[in-house]
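The values are calculated or read from the model by the stated rules, or taken from the named source; none is laboratory data. Everything quoted here is computed from the prediction, not taken from an experiment. All Cβ positions, glycine included, derive from the backbone under ideal geometry; neighbour counts span all protein chains shown. Accessible surface is based on the protein model in full, side chains and every heavy atom, while ligands, DNA and RNA are left aside. Shrake-Rupley method; radii C 1.70, N 1.55, O 1.52, S 1.80 Å.
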Amino acid sequence: MKRDRIAEPWGARTPYGSGERWPVRVDTYLGEGTTTDQVDRWVQSASVLHSNGDGLDIAVRDGRIVGVRGRANDRVNHGRLGPKDLFGWQANHSPDRLTRPLVREGGRLVEASWDEAMTRVVSRTRQLLDTRGPSSIGFYTSGQLFLEEYYTLALVARGGIGTAHLDGNTRLCTATAAEALKESFGCDGQPGSYTDVDHADVIALYGHNVAETQTVLWARILDRLAGPNPPAILCVDPRPTPVARAATVHLAPRPGTNVALMNGLLHELLANDWFDPEFVAAHTVGFEDLQAVVQDYPAERAAQICGIDVDDLRAAATLVGTADRLLSTVLQGFYQANQATAAAVQVNNVHLLRGMLGRPGCGILQMNGQPTAQNTRECGADGDLSGFRNWANAEHVAELAAIWNVEPSTIPHYSPPTHAMQIFRYVEQGSIGMLWVQATNPAVSLPELARIRSVLSRDELFLVVQDIFLTETAQLADVVLPAAAWAEKTGTFTNADRTVHLSEQAVDPPGEARSDLDIFVDFADRMGFVDRDGVPLVGWRAPQEAFEAWKRCSAGRPCDYSGLSYDALRGSGGIQWPCTPEHPEGTERLYADGRFWADPDRCETYGRDLLTGAPVEVTEYRALNPDGKAILKGAAYRAPHEQPDSEYPLALLTGRTLYQFHTRTKTGRAPQLQAAAPDVWVEVSADDASALALTEGDLAEVRTRRGSVQARVRVTAIRRGVVFLPFHYGYWDAQDLSATGDAGRAANELTPTEWDAVSKQPLFKSGAARLRRLSAGEGHTSAAPTTTASAPVSAEVPPTRGGPDAEVEESTPAGSSS
């Protein structure tokens, strides 16, 4: 049957019970008046506008994408697709795609040949290397390229140029996930699997609005809730999200108090003997230290710090403490808030105390925010070394150097790799003279945008932007390189539960646009990068060749791809790493045997102090954990630096909405998605709205110490004293970078330049704000339903209808529920 998937973003229910297989439901959307029999071919791929990794086929007709269909055999989605999967592909056909290189002449960007554009990039690179060395060059990449492209970039940047300044926008969304896993288990890699939803009797979601960020995973949870023996749900979120409405227990803590909340939960687990002492003794270190920290956080004190009811805190502790099969997920509500890594690590501690790892229904998913964020980390295109190697371990550096056939001294490891916020600081200070940005838009997505625009506009900076559209960042560039988009190139990528998918090229890129892999290879060739034997450093040209090279790099490491191949992935429903020749079917869950990648000689990191971020020295780590056990790490609560006061009395949160992704470069060009969420809004509680004389639809100004934004008001059941803005909205559709300041619409005009001490992830969910009414709500275009201050609803309720262009065919095989 057909269903309006803007109005019903999660589709029809297919209920199932604990331990049963999630039923198949195939979602299909064809546009441009196409019927199924008019499709020339279906091309295998997966979704790229979130981190879920939904398997799909791309419909091609006359050399154009005309629709998508979920893959029934895919282990991630069993045929289902979310709104961004169903409609987001239309951005590929947008008439404002970049099709030729651009170079800056006389203050304007003008079209140029590839040779002219690359000559400028290579010339400036050589000039800086000759005069100022490798540290004068920086790269800022994405969470949306393919594995093969990240690995090539890491080789070029680390092994060719030799710079430590390589990071991705994954620093903004997934750095804390990686760091939390490393702190507890010695290495990155999600212990759990999406299939744990099928078995869990309690699902705890910490700062994870899965209904918005991963709609198909939420559909899976909804189907469990609709079936026999449904799981209990714990939701930790200050906002009234769909997850909160479905929760058995909903905790809405004061922003910035997540560590106090988790310490209160851990205190209850220990006080009630809700832990497994045999597992703790056999498989962990640090129990006594953790116990000493959490004893200072009895439920009454933790609840007082968090501003929640103590009975609710105890009810939450009872859920996680008595569950037979506990699944926990974590996302930006923890990752982008005060004490980010410390809070996320405490979720790991819950599972380590209870021994709930490596069994069906017993898992942790420190979630990612982007489709290929996992690959950025695996391949070393961020602040890690390729293959989850330890930059502080000389043997790991030597091993990577041998794989690349370069001198170990070429690979920068004299200090920690540079994180994104420090890269932009170096640009601001002038020590980085060239910054190459790929597939990301920092002029909208980084905090304190007035500062970032100033940094990117420096006359001394040579800015290269590689993208598919002329974004706000590209408008500031000296050279713009037109890139091929998803479906216009071939490659692999890995989702948040380690599932690897192959995405085949379905159509040609527009004009002269090239794949990111081709651009990196061309740059390396023009630079003349060679290995110790004098042969080209990048020894591949095709994606499959790059994948084979990556397999050799990953072999024997936690993210082992050595048993994978393009042939194995073609036609498959995705395969989870580690995947070796001995285990070609992959690995559903990590740590089933209670063994971790925490051995001092194998671990990816020796860890950091959770309060200060100071690195742990190798000698200290060896003394603490000689046998490579999991680590129980506690952390005392520390209040946020900037808190509400008399001048700025409200706590500011920013985040995502269901129908948009990042800075809307793609979703804003998909008609159904843009119509569903066309502009920024500010979410405010009924009590605060009443006190400020605000009603639904009013135009209001949100101001912090850094800037202001104008937005329409939505009155909801959000926690009193908290305001929320979605961060997606910038200025590209106005083509006017002057539309900032008092007329700003980008939430990051407001956010502070502050980051977590451990993961270095910016704290977008921090800062204090004030709110005032500008005008009444005439012409309000918000897609949310109208309400009054006395009858708040969730701002996440979908609009009534998306229209006939949003109707999607949902087919459920005979025998499945619906």
### Task
Enumerate the calculated ³J(HN,Hα) couplings along the range 481-491 in order (Karplus 6.51 cos²θ - 1.76 cosθ + 1.60, θ = phi - 60°), each rounded to whole Hz, writing x wherever the residue is Gly or Pro.
10, x, 10, 6, 9, 3, 6, 10, 7, 10, x
### Query
Among all the aspartates and glutamates, which ones have a C-alpha under 15 Å from residue 765's C-alpha, if same-chain residues fewer than 8 places away are not counted?
237, 448, 642, 683, 749, 754, 756
### Task
State whether the range 99-238 is rounded, prolate or oblate according to the following rule on the C-alpha gyration tensor (a ≥ b ≥ c being the square roots of its eigenvalues): a/c under 1.5 gives rounded; otherwise a/b larger than b/c gives prolate, and the remaining case gives oblate.
prolate
### Nearest-20 debye value, the range 246-323 charge dipole, Cβ charges on Lys, Arg, Asp, Glu
300
### Task
Determine the shape class of the range 278-340: with a ≥ b ≥ c the square roots of the Cα gyration tensor eigenvalues, call it rounded for a/c under 1.5, and otherwise prolate if a/b is greater than b/c, oblate otherwise.
rounded
#### Entry: J(HN,Hα) series, the range 194-210, from Karplus relation 6.51 cos²θ - 1.76 cosθ + 1.60, nearest Hz, glycine and proline x
4, 5, 5, 4, 5, 10, 5, 9, 9, 10, 10, 10, 9, x, 10, 7, 4
## Note on the structure
The long-range amide H neighbours of residue 462, using H built 1.01 Å from N in the peptide plane and a cut-off of under 5 Å, are 434, 435
### Task
Order the peptides 762-774, 342-354, 280-292 from the highest to the lowest mean number of other Cβ atoms within 10 Å of their residues.
342-354, 762-774, 280-292
#### Entry: Karplus 3J(HN,Hα) series, Hz, for the range 541-553 with 6.51 cos²θ - 1.76 cosθ + 1.60 (x for Gly, Pro)
10, 9, x, 5, 5, 5, 5, 5, 5, 5, 4, 5, 5
## Note on the structure
Averaged over all viewing directions, the convex hull of the alpha carbons in the range 58-140 casts a projected area in nm² of 9.9
### Message
Here is the link list: 551/629; 633/760; 182/629. Which ones come out longer than 20 Å on Cα distance?
### Response
551/629
### Protection-proxy order for peptides 597-610, 367-380, each taking the mean of Cβ atoms within 10 Å per residue, highest first
367-380, 597-610
## Note on the structure
With only helices counted (DSSP H, runs n ≥ 4, each -39500 (n - 2.57)), the per-residue ellipticity at 222 nm for the chain, to the nearest 500, works out to -7500 deg cm²/dmol
### Summary
At the level of C-alpha centres, the distance separating the range 414-448 and the range 1-53, in angstrom, is 38
### Task
Could you provide, to the nearest whole Å², the per residue accessible area of the chain with probe 1.4 Å?
31
### Selection from 484, 496, 519, by position along the positive dipole direction of the range 458-525 (Cβ)
496
### Message
Here are labelled values, [x] 44; [y] 54; [z] 71, and one is the computed percent of Cα pairs over 35 Å apart for what I pasted. Which one?
### Response
[x]
### Positive-end residue of 676, 661, 709, charge dipole of the range 649-717 with Cβ unit charges
661
#### Entry: Spatial separation of Cα centroids for the range 312-372 and the range 178-247, in angstrom
9
### Message
Net charge within 10 Å of residue 476 by Cβ-Cβ distance, Lys/Arg positive one each and Asp/Glu negative one each, not counting residue 476 itself?
### Response
+1
### Message
What is the distance in Å between the Cα centroid of the range 625-647 and that of the range 588-606?
### Response
23
### Query
Taking H as built 1.01 Å from N, whose amide H comes closer than 5 Å to the amide H of residue 46, not counting residues under 5 places away?
56
## Note on the structure
FRET efficiency for residue 720 and residue 13 from the Cβ-Cβ distance with R0 = 30 Å, rounded to 0.05, comes out at 0.35
### Query
To the nearest 20 debye, what is the magnitude of the charge dipole of the range 297-448 about its Cα centre, counting +1 on the Cβ of each Lys and Arg and -1 on the Cβ of each Asp and Glu?
280
### Message
Can you compute log10 of I(q)/I(0) for the range 492-570 with the Debye formula, treating each Cα as one identical point scatterer, at q = 0.16, 0.17, 0.23, 0.27 Å⁻¹?
### Response
-0.78, -0.86, -1.19, -1.29
### Per DSSP, loop chymotrypsin sites (Phe, Trp or Tyr not before Pro) in the range 378-465 with at most 15 further Cβ within 10 Å
414
### Summary
Contact order relative to length for the range 556-624, counting C-alpha pairs under 8 Å separated by 6 or more residues, stands in percent at 20
### Summary
Taking the dipole of the chain about the Cα centre (Lys, Arg +1; Asp, Glu -1; charges at Cβ), the one of 281, 174, 565 that reaches farthest to the positive side is 174
### Query
Considering amide H positions built from the backbone, and no H for Pro or chain starts, which residues 5 or more places from residue 61, or on another chain, come under 5 Å of its amide H?
40, 66
### Task
Would you work out what percent of the accessible area of the chain, with all protein chains in place, is carbon or sulfur (probe 1.4 Å)?
48
### Task
Quote the charge dipole size of the chain about the Cα centre in Debye, to the nearest 20; the model charges only the Cβ of Lys and Arg (+1) and of Asp and Glu (-1).
900
